[in-house]
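The values are calculated or read from the model by the stated rules, or taken from the named source; none is laboratory data. Given the structure is predicted, the values throughout are model-derived calculations rather than measurements. Cβ sites come from the backbone with ideal geometry, for glycine too, and all protein chains shown count toward neighbours. Note: accessible area is taken over every heavy atom of the protein model, side chains too, but ligands, DNA and RNA are not part of it. Shrake-Rupley method; radii C 1.70, N 1.55, O 1.52, S 1.80 Å.
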Amino acid sequence: MLKFITNSCLSTSEVKLIKKYKKQVFSIGEGIKKNYLPGLEMAGWTDPTNFFDNSELNKMIKKANSWKKEKIKNVVLIGIGGSYLGIRAAIEMCNGIVDQKINFYYLHNMASSYVYEIMKKINKSKFVIVVISKSGTTLEPAICFNLLRNLMLKNFKAKYTNDHIVAITDANSGCLHDLAIKNNWTRFVIPNNIGGRFSTLTPVGIFPMILADINIREVLKGATQALADTKSFNLSENSAFLYAVYRYYFYTEKKKKIENFIVYDPSLQFIGEQWKQIFGESEGKNNKALYPTTSLFTTDLHSIGQYLQEGNKNFVETTLWVNKPKHEVNLKIKDNVDKLKYLDGWNLNDVNKMAFKGTISAHSTKGKIDNLIIEIDKSDAYHYGYLFMWLSKAAMMSGYLLKINPFNQPGVEAYKKNMFSLLNKK
């Protein structure tokens, strides 16, 4: 399960914080219950019944199994933002980075060298395409899909191509929808009441997770439990909303500018990237909110550790810690030739845990940095579902505390408008 630990926060006690903000949170709760706060029409992800359309789920399982029977080893996943981050976060958290049965190639960028290298790597080998876009016209995935579809057509012709593309898109309209209908591609639907960064537990994330052999029912079970655990607007009973309140307090009262989200395992780095999008895109409006950034420890302790310990204290830290790793590595040190005899009998995860505890102590006591800890038991399907939903609920409350709509992202269109102008798009 998930524990939210606040005893390394220096600025205030949990008891005082709950007392200070309980009325504000209850007021927001009334607005959510009565459906008058902005953006709630896009909060479909907060209804667990949306997760269990068994007919759609069975179609996804059937399609995935048909590809697995062909022994397909290469999946090209084309999407950006919420159509990419949660998928990679879930797959790497649950399956690790190195030892994956299927090779996932993520096309989320239009850098020519990156796209070229992926195309060269897969070239004439059998591969499948999962393309995710509500409209089909978002430039990055549209370009990548055009290139990969043409590569597939060149190497394997039309029938293979049409059988080996899955389009995850709008139910009724859009360029990708129309192409899928015309070419008879398998198509799954992105619900209209769920925005990109909250869409991981729709076909957007569910179908790729099934391909990756992640137990999707466990993912959905974890998410459903998180929804139940975060239903109350009593801060003593809802740790996700308590996390939102801490963030609001740091920003408004302590005048902090940055939140550094820390993980201690490379397979969790994309959990950090998904966290960054969930909070950055939900809150970064009207010149408000903490700037979300991420760190991988202990690696980054040897690059920015000096700054974190003794630099400008305009930031707070939130650490995600997982108690039980997927694999244990025991240390057997026979001699002291490399001065490691003192570690004989330890396992590597416990050494990492001591680094985590030592860093929290150094940063909070000597560095005077406020630290929050999110602790989960395992890096598995259930805990991914739980964590994703817990963070999403926290972001919703965090946005409403700032008096902004946490579900839109109007600023994203600014760069697109300029880019299309420079490209002479008519």
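Summary table below
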{"item": "Selected residue (criterion: modelled with the lowest pLDDT) from residues of region 387-425 that are among the charged types (D, E, K, R) and open to solvent by 80 Å² or more (accessible area, probe 1.4 Å)", "result": "413"}
{"item": "Of residues in region 178-191 being in a helix (DSSP H, G or I) and within 13 Å of residue 149 (Cβ to Cβ), the one least open to solvent (accessible area, probe 1.4 Å)", "result": "180"}
{"item": "Residue in region 45-59 that is nearest to residue 120 (Cα to Cα), counting only those that are touching a Ser or Thr at 6+ places or on another chain (Cβ under 9 Å) and crowded, with 16+ Cβ neighbours inside 10 Å", "result": "59"}
{"item": "Near pairs, Cβ below 7 angstrom, 6+ apart or cross-chain, from region 52-72 (of a type outside the set (Ser, Thr, Tyr)) to any residue that is open to solvent by 80 Å² or more (accessible area, probe 1.4 Å)", "result": "72/126"}
{"item": "Condition met for residue 376 (assigned to a loop (DSSP other than H, G, I, E, B), among the aliphatic types (A, V, I, L, M) and either under 25 Å from residue 28 (Cβ atoms) or touching a helix residue (DSSP H, G or I) at 6+ places or on another chain (Cβ under 7 Å) (or both))", "result": "no"}
{"item": "Residue satisfying condition, being under 27 Å from residue 100 (Cβ atoms) and in contact with a helix residue (DSSP H, G or I) (Cβ under 9 Å, 6 or more places away or on another chain), within set 230, 252, 298, 293", "result": "298"}
{"item": "Contacts under 7 angstrom Cβ, first residue in region 233-261 being touching a residue at least 40 places away in the same chain (Cβ under 8 Å) and outside any helix (DSSP H, G or I), partner surrounded by 22 or more Cβ atoms within 10 Å (Cβ to Cβ) and among the basic types (Lys, Arg), 6 or more apart", "result": "259/247"}
{"item": "Condition check for residue 87: in contact with a His (Cβ under 7 Å, 6 or more places away or on another chain), surrounded by 13 or more Cβ atoms within 10 Å (Cβ to Cβ) and touching a residue at least 12 places away in the same chain (Cβ under 8 Å)", "result": "no"}
{"item": "Close pairs (9 angstrom Cβ cut-off, 6 or more residues apart or separate chains): farther than 30 Å from residue 239 by Cα in region 397-426, open to solvent by 60 Å² or more (accessible area, probe 1.4 Å) and not β-branched (Val, Ile, Thr) anywhere", "result": "419/425"}
{"item": "Region 120-177: number of residues that are of a type outside the set (S, T, N, Q), crowded, with 16+ Cβ neighbours inside 10 Å and assigned to a loop (DSSP other than H, G, I, E, B)", "result": "7"}
{"item": "Breaking point among (1) open to solvent by less than 30 Å² (accessible area, probe 1.4 Å); (2) under 23 Å from the mean Cα position of the chain (by Cα), for residue 72", "result": "(2)"}
